[in-house]
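Contents: one structure, followed by commentary.
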Amino acid sequence: MAHERLKIRYSVRQTFLTIMLLFIVIMAALLNIYPTISSRDLVFSTKQTSMVGQVTVMSTSLSVLETLTEENVASVMELVDVNSFDRVLVTDNSGCVIYDTWEEGAAVGSTALFSEVFSALAGSVVFNCRYDGDAFISRVATPVVASGETIGAVYLSEYDSSQALLIAGIQSRLLSFSLILSALAVVAVVIITTFLTGRIRELVRAMRRVRGGDYDTRTEPRGCDEVTELAEEFNDMTVKIQNTTESRRRFVSDASHELRTPLASIRLLSDSIVQSEDMSPDTAREFAADISSEAERLQRLTEKLLKLSRMDSSAETPRERVDVKAVAERTVHLLAPLANQRDVRVTTQLAEGCFITANEDDIYQIIFNLAENAVKYNVPSGSVLLRLYAQDGRVVLTVEDTGIGIPEEDLPNVFSRFYRVDKARSRAAGGSGLGLSIVHDAVTLHGGEISIAPREGGGTRFTVSFPPAPPEGGEGDA
Ligand code: ADP
């Protein structure tokens, strides 16, 4: 399934290359076609202006004649420049040629068969120009009008290969220029896509290694683009996975170790009862009592482990409006027998109206664990003070004791799982090293903060603060 998902259906490189090649072809075509068309149009309009101007000069010169004859037309045409055209032709009003520069008057006497001449005799000025790849072939004709009557027509034709040559030169230079440019663009696109997809492929390979369990895998974040960002995110994510996996592994191994000790005691005690044939009932009862106390320790430990694993899972815990004062009072009441037994005085200063939105059982766990530790790690005739108040828009709870205190170097570790400052004392007090971890996780889960500091005059002070619950009946009130 996972392999199917990873199969690349469309290569980014190929898609990118295809799009870029299409783009290059279109650009090259435009670069070749557009300038050629525009320069051709420019030549057409220049020719029109100049040829129409010149034919008009000739027809105006001829219009002073009453009638057009071979002689008077020839004498007028001597005065104008006819040599710059391939052919200059003058007809009378019936279309009969009376002057022709082509092959020394080859067509004189015959009828001119050019459509431009017919249009000119009908009274229009006509201009035609076409480009056949080798030259511009232009034709223009205009009527000769004298006293309001058309007495003939003048026709000019020109075959211009020099302009065509110029345009062909531009065209071929544009072609070579666009070919070089396209080749450079293709090379650049290939290099960029190879570099880009190479880095993505490297990332995919690293992901596969992590999926296979190699959490040491890191990628080299080269450059400073989105792929670099992806590589950095990947590295951060892998570090997180590695840390989580490592802490899970350590947790499982610590938990197994903690469970093994009471189980070994139970096994040893029960084996002794089974194997000893003449054990007195009193000794047997004593062993059974020890077994019961070890079983109780196991039960407490598994309950705490379950609690931690519940808080670890992302399952939402039901939340309600919790009166912290009521929970603190209940806790103090439940701890009274232990406090009496240890000769520790528990006092409270609990303000009214300190409500938070949380899971009541979690809040009870927090207060109970802190207060129980304050009693457990206290000295005979010592005291514990629980204070609850509102400050700077937060609900604050402090638990302080006059006990043995926590050495400065152990303070950063006391919230770690299975951490105990004095292992022997913790065990003797029935501790597991999980109480403060549960407190820490529960506080964080409910958006709170916890801090720990030595108390002036000896002992320890824990301070927990939470955002207050919204006013009753207000938004978010459960
Ligand atoms: P435990 O089950 O051992 O009490 P905790 O997680 O509750 O585990 O506490 C961790 C360690 O921190 C304890 O073993 C103890 O050494 C120390 N500790 C906790 N609270 C106090 C306190 N109020 N005074 C002195 N030491 C404390």
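Scaled to the globular estimate 2.2 N^0.38 Å, the Cα spread of region 153-210, given as radius of gyration, is 2.53. Applied to region 112-117, the Karplus parametrisation 6.51 cos²θ - 1.76 cosθ + 1.60 on θ = phi - 60° returns per-residue 3J(HN,Hα) values of 6, 9, 8, 4, 4, 5 Hz, with x for Gly and Pro. Cross-link pairs exceeding 28 Å between alpha carbons, from the set K240/K325; K240/K376; K325/K376: K240/K325; K240/K376. Amide H to amide H distances under 5 Å link N359 with E320, where only residues 5 or more positions off or on other chains count and H is placed in the peptide plane. Among 97-104, 370-377, 205-212, sorting by the average number of other beta carbon atoms lying within 10 angstrom of each residue, highest first, gives 370-377, 97-104, 205-212. At an R0 of 60 angstrom, the distance between the Cβ atoms of T261 and L184 translates into a FRET efficiency of 0.20.
When the P(r) of region 409-467 is calculated, the portion above 13 Å amounts to 66% of the C-alpha pairs. Note on D254 and E456: the model spin-label points, each 7 Å out from Cα along the C-beta direction, lie 3.4 nm apart.
Stokes-Einstein diffusion of the chain at 4 °C, 1.567 mPa s viscosity, Kirkwood radius from Cα pairs, rounded to a whole number: 39 µm²/s.
Near V384, the amide H atoms lying under 5 Å from its own belong to R345, V346, T347; only residues 5 or more places off or on other chains count, and H is placed 1.01 Å from N. Our estimate of slack between E246 and L21, defined as 0.36 nm per intervening residue step minus the Cα-Cα distance, is 76.0 nm. Counting only alpha carbon atoms, the long axis of helix 360-376 and the longest principal axis of the chain meet at about 50°. One Cα centroid belongs to region 410-478, the other to region 44-79; the line between them spans 112 Å.
The phi torsions of region 92-100, fed into the Karplus equation with coefficients 6.51, -1.76 and 1.60 and a -60° offset, translate into couplings of 7, 6, 9, x, 7, 6, 10, 8, 8 Hz, rounded to whole numbers, with Gly and Pro shown as x.
Near the amide H of G405, within less than 5 Å, lie the amide hydrogens of G459, T460, all on another chain or at least 5 residues away, with H placed in the peptide plane. The angle between the Cα long axis of helix 161-211 and the longest principal axis of the Cα atoms of the chain comes to about 10 degrees, rounded to the nearest 10. With θ taken as phi - 60° and the Karplus curve 6.51 cos²θ - 1.76 cosθ + 1.60 applied, the whole-hertz 3J(HN,Hα) list for region 289-294 is 5, 5, 4, 4, 5, 5 Hz, x standing for glycine and proline.
Throughout, read-outs are computed from the coordinates displayed, never taken from laboratory work. As the structure is a prediction and not an experimental result, all values here were calculated from the model. Every residue, glycine among them, receives a Cβ derived from its backbone with ideal geometry; neighbour counts consider all protein chains shown.
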